[in-house]
Structures are given as C-alpha cells and as structure tokens.
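Please read the structure below before turning to the comments.
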Amino acid sequence: MTQTKKANTTDPEAARNAGARDAGLRVEGLRVVLGERAVLDGLDLEIELGERVVLVGRSGSGKSTLLRVLAGFQAADAGDVHLCGTALVANGRHLVPPQARPVGSLFQGGGLWPHMTVRRTLDFALKHRGVPRSERPARVRELVERVELVGYEDRLPGTLSGGEAQRLGLARALSTQPRLLLLDEPLGPLDAELRESLSTMLDRLRDEYGFAALHVTHDPGEARGSRTRTVRLVDGVLVDASPTGTDE
Ligand SMILES: Nc1ncnc2c1ncn2[C@@H]1O[C@H](COP(=O)(O)OP(=O)(O)OP(=O)(O)O)[C@@H](O)[C@H]1O
C-alpha cells in the first residue's frame, strides 16, 4: 500500500474542496427523449462531494443515458446540470465539452486503448486534459501509485488481468481530477474477491479525492460503504431506494 491521505495529493482542487459538502452535483428537470419515449422525464438528483449514489433500475430504464449526458456524450432536451457551482447543461444545452469537465468515467470492460502501455495511457489522458508535458511524469507516477499498479508501467492492457485492467481504467478516470466519478457496472466482470478489493479501493479514493460518485449497478450488494445511498430510476425519474439495499 502506498496510499497517504489528502495532504500528499497533487490535486489542489481536491484539497480546496475537501471541506465543501454542498457543492457537488445538482441535476434539475433533466429530460431526454429517445425515439418516442422520454427516457429521462424531468429527473432531479443531488450528490454531495464525497458522497456516493448507487443507481439501480430495470434494463432499459435509462441509467446509462443519464451517465452519458453527465459525461457530455449525449444530448439532452431540457434541464440543468451544475457541478461544483459550474453550469454544465442549461435548458438542455451542453455548455462545457466532455474533455473540459471535471468528470471521470469507468465503465464495464474499461474501454482501454490496446496499443498503449499503462504509462502511455495515463500520459495521453493527461495530455488530452491539457496537462503540460513537464508535469505529466509526476502525475502519471501518482496515479499509478493510487491504483497500485507500480511495476506495471510498461505493460499493454492485453497483458493485464481483469482487476488490473479495471484499475488502469480507474487511474485514467482519476486523471481528470474528477469532482464527479461515473461508474457503469465497473465490477461486473470480476470475481467476488476482486469486486471486493476494487470496491474498497473506490471507497478509499472517494474519501481521499472527495469526488461525488454515481454508480450504476444491478447488484444491490454493492450499495455498501460510507456516505452511500441508493436511488431507483423509474419512468424517467428517481425514487429513493434506501435504506434496504435489497431492492433489485
Ligand atoms: N438512439 C436511440 N434511439 C431510440 N432509443 C434509444 C436510443 N438509445 C437508447 N435508446 C433506448 O433508451 C432506453 C434507455 O437505455 P439505457 O442504455 O440508458 O438503459 P439502461 O438503464 O442503462 O439499461 P441496461 O441496464 O440494460 O444497461 C432503452 O430502452 C434504449 O433502447
């Protein structure tokens, strides 16, 4: 373990926001129509920094659609999204492009770039975010340490185990210095032991970085840990599904 608490992080924004409890994600009246159906129909959601919301709902209910809109990859028809007081979406219109949002994404399977080593993957992700070349080696080193991939820097994704590959995906998501981390079934393909260890790592990183997390899952057993609540997507809006955690 190489982890230390926030004092050692090179993420000044995380440190600055460490005490802010009310400046996370705020979604108001979000509407997305796909085909004939309002998949999201006036959806409201608030997540504090440091808090995790577990999102459940039937297949096709719109969970991934919500994540894609928050990441900036999908258009909306109405509604507002604020993150740490900054408007990302106003009246359904995206104001900030995906690569300029302090939003990280980790999806099932990871979507890693097969021809890039661990180091190159993270360097490229940081470059994409506008981090100067001179700062990138130190940032890569910190990310590799954070997800416990020290010694794997020259490996290609195809040579990594499922758990290692997901940790690389997580490091890439953290390269955005996220205030919001979007997780779409990130533990899905892993066995029970790896799910547990990645889940513990996610909780610890949320604590250290202080980001808000929105975590889509079909497994209610994942709705554990501190500052975690569960919501269900039903007919385009969210309903509270806490505290049972056994509702799916
Ligand atoms: N381009 C599109 N045109 C029409 N309908 C679409 C389009 N894209 C997605 N949909 C529909 O929108 C609905 C929501 O899809 P979404 O992927 O967000 O659901 P989900 O809750 O994430 O499902 P799952 O749990 O199976 O991943 C689905 O019924 C899907 O078929």
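The values are calculated or read from the model by the stated rules, or taken from the named source; none is laboratory data. Keep in mind the model is a prediction, meaning the values are calculated, not measured. So basically every Cβ, Gly included, is an ideal-geometry build from the backbone, and we count neighbours across all protein chains shown.
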Residue in segment 39-52 that is farther than 19 Å from residue 241 by Cβ, modelled with pLDDT of 95 or more, out of contact with any helix residue (DSSP H, G or I) (no Cβ under 7 Å at 6 or more places or on another chain) and more than 16 Å from the ligand (Cβ to nearest atom) present: yes
Every pair of residues 6+ apart whose Cβ atoms lie under 6 Å, when the first sits in segment 201-224 and is within 15 Å of residue 170 (Cβ to Cβ) while the second is more than 16 Å from the ligand (Cβ to nearest atom) and not in a strand (DSSP E or B): 203/225; 208/6; 209/14; 211/178; 211/179; 213/206
Set 56, 103: member being buried (at least 19 other Cβ atoms within 10 Å of the Cβ), within 16 Å of the ligand (Cβ to nearest atom) and not acidic (Asp, Glu): 56
Subset of segment 29-61 that is in a strand (DSSP E or B), acidic (Asp, Glu) and closer than 24 Å to residue 223 by Cα - its residue that is nearest to the chain's Cα centre (by Cα): 46
Some residue of segment 117-125 being surrounded by 15 or more Cβ atoms within 10 Å (Cβ to Cβ), within 13 Å of the chain's Cα centre (by Cα) and among the hydroxyl-bearing types (Ser, Thr, Tyr): no
Qualifying residue in segment 166-184 (condition: over 19 Å from the mean Cα position of the chain (by Cα), modelled with pLDDT under 95 and under 21 Å from residue 107 (Cα atoms)): no
Helices (runs of 4 or more DSSP H) fully within segment 62-181 counting 2 or more residues that are assigned by TED's automatic domain parsing to the domain that holds residue 218 and closer than 30 Å to residue 38 by Cα: 63-71
From the options 172, 139, residue that is surrounded by fewer than 23 Cβ atoms within 10 Å (Cβ to Cβ), touching a helix residue (DSSP H, G or I) at 6+ places or on another chain (Cβ under 6 Å), of a type outside the set (A, V, I, L, M, F, W, C) and under 26 Å from residue 102 (Cβ atoms): 139
Answer from 87, 76 - the residue that is surrounded by fewer than 16 Cβ atoms within 10 Å (Cβ to Cβ), within 18 Å of residue 25 (Cα to Cα) and touching a Leu at 6+ places or on another chain (Cβ under 8 Å): 87
Where a residue in segment 129-141 is within 18 Å of residue 152 (Cβ to Cβ) and its partner, wherever it lies, is surrounded by 13 or more Cβ atoms within 10 Å (Cβ to Cβ) and β-branched (Val, Ile, Thr), with Cβ under 8 Å and at least six apart: 138/10; 139/10; 139/131
Some residue of segment 92-113 being within 30 Å of residue 30 (Cα to Cα) and more than 20 Å from the chain's Cα centre (by Cα): yes
Filter result for residue 242 (assigned by TED's automatic domain parsing to the domain that holds residue 60 and either closer than 27 Å to residue 27 by Cα or among the hydrophobic types (A, V, I, L, M, F, W, C) (or both)): yes
Residue in segment 76-97 that is among the small types (Gly, Ala, Ser), within 15 Å of the ligand (Cβ to nearest atom) and more than 17 Å from residue 233 (Cβ to Cβ) present: no
